[in-house]
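The values are calculated or read from the model by the stated rules, or taken from the named source; none is laboratory data. From a predicted model like this one, the values you see are computed outputs, not experimental measurements. A quick note on method: Cβ atoms are made from the backbone with ideal geometry, for glycine too, and the neighbour counts reach across all protein chains shown.
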Amino acid sequence: MKRRRYLSTRGGRVLAAPGFECQRRVGAVGGACGAGGGTGSPADGFRGLAPRGSEYDRGMPAKRPLIRRAAALSAAGGAVALSVRALSRPRPATEHQLIDWGAVRRTAAARSGERVRLRPERAARLAAGYDALAAELVPLLAEVCGASPAEVPRITVLDRHGFIDANLLIVRRLLDPVERLRATVPETALTALGRRLTSRYVGEVFGFMSQRVLGQYDPVLMLPGPTLAPETSGPGGGPTRPASALFLVEPNVELLQRGQDAPAEPLRRWLILHEATHAWQFEAHSWLGPYIGGLMNELLAAGLTDPPGGVRSSKLTPDLLHRLGVSVAGQLRGVGRLQAVMSILEGYSNLVMHRVGRDHIEEFDELEAAFHRRQTQRTLIERLVLGLTGISLKLRQYDLGERFAEALIADGGYPLLNRVWEGPALMPTMAELRAPARWITRVGRDA
């Protein structure tokens, strides 16, 4: 008779077909029923039948791993919630600052690469010589500007640490409204973390810029806040606008001179000519500083003021979305106006530096070649930092401003170009910078 192979249960007993083994799995103990119909009792812990060399398990899949996973996720979610609550819990603090300016200064100084400071007596001696050069160059601005400034600030010679300190003062002055608002926000672990990250970023940027900036003009765009009281006072004893300043960063100028084999005195004449043009732009046009300061204040204040009625809503409502859209649109327009003004300021100064410099500065072609090499020899890290900080975009906008100025000169000469300084209404928009004919059509060719 033909042998049958089957598995069945009868009365709680397991019957094994010939040729199969029963595999018992209780801990590390195993047992087997021999072939030929051996039986196994339930009390022996048999879990199933399997072919020889394999294992068969009739048990249902265990649910314990799923339960453990759910418990772990629940515990993790609770931990995150507790962490968020801990980070956002107000805590006592002596001061509420957006930025830790001491940390910014330490980071920037460490990244400046400057190990030996410029001696004050040498800085004073250099400044006196540069003031003499400026006295020769300032009258030449009239060839393009139509008039030269009555005076320009005395030149201050800085090292990299000095550049960092000067710009810390400038930025603190600009951010004073934001710092006053920050002082009303309770201090938490989260705001402290944000301050550390922001301070580190600003310090790194200042350190990078301290290695590259050659010259700078500070027009003092905003009045100092109460923490930065000016040293000067008006006729009535009240504070007045601090004096503007003109800087040359001597270590960077010397590095460019040596690294690119640039002629020493012509290089400094060229830089002074550029910064003196900025001085003329602001000193001869009293509306320019307040106008730029107003644009910057609008950007800083946008979205920070209370809605009508003074009540802020924590819910996402149609009215809130509408006000948010209006705020963002206003910010974008403000950014565009500010970018256009900065493009004109730098593009015009570059044009004066090139046109006047070519006629009055010796070895001008060598200077241009040195600057071109400096721009093309930037390392990958330098290009990355310039891109991440937006400086590359600003440099391209300055080129755009100079091309705009060249187009206006080609159409109507210097008189047409200098109409941009008549007031805010004649400042070009970004669209007009890209298409100068649109600006010419709007304002007309007649001065």
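Residue-by-condition table, conditions (1) more than 31 Å from the chain's Cα centre (by Cα); (2) closer than 24 Å to Pro139 by Cβ; (3) surrounded by 14 or more Cβ atoms within 10 Å (Cβ to Cβ):
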| site | (1), (2), (3) |
| --- | --- |
| Ile344 | no, yes, yes |
| Ser349 | no, yes, yes |
| Phe371 | no, no, yes |
| Gln375 | no, no, no |
| Gln397 | no, no, yes |
| Pro424 | no, no, yes |
| Arg442 | yes, no, no |
Looking only at the stretch 181-200, decide whether some residue is modelled with pLDDT of 90 or more, assigned to a loop (DSSP other than H, G, I, E, B) and not hydrophobic (A, V, I, L, M, F, W, C).
-> no
Hey, among the residues in the stretch 125-168 that are of a type in the set (Lys, Arg) and in contact (Cβ under 8 Å) with a residue 12 or more places away in the chain, which one's surrounded by the fewest Cβ atoms within 10 Å (Cβ to Cβ)?
-> Arg154
Return the total of residues in the stretch 109-124 being of a type in the set (D, E, K, R), buried (at least 18 other Cβ atoms within 10 Å of the Cβ) and touching a His at 6+ places or on another chain (Cβ under 7 Å).
-> 1
Cβ pairs under 6 Å, 6+ apart, first in the stretch 369-394 and of a type in the set (D, E, K, R), second part of a loop (DSSP other than H, G, I, E, B) and modelled with pLDDT under 70 | none
Is it the case that the stretch 258-272 has a residue that's more than 23 Å from the chain's Cα centre (by Cα) and modelled with pLDDT under 70?
-> no
Pairs returned, first residue in the stretch 203-222 that is within 16 Å of Leu248 (Cα to Cα), second residue that is acidic (Asp, Glu) and modelled with pLDDT under 95, beta-carbon separation under 6 angstrom, 6 or more apart or interchain, are Gly215/Glu275; Tyr217/Glu275
Arg419 at pLDDT 95 or above and under 18 Å from Trp280 (Cβ atoms) | yes
Within the stretch 250-284, which residues are of a type in the set (S, T, N, Q) and touching a residue at least 12 places away in the same chain (Cβ under 8 Å)?
-> Asn252, Gln260, Thr277, Gln281
Among (1) outside any helix (DSSP H, G or I); (2) modelled with pLDDT under 90; (3) in contact with a Pro (Cβ under 9 Å, 6 or more places away or on another chain); (4) not polar (S, T, N, Q), the one test that Tyr217 misses | (2)
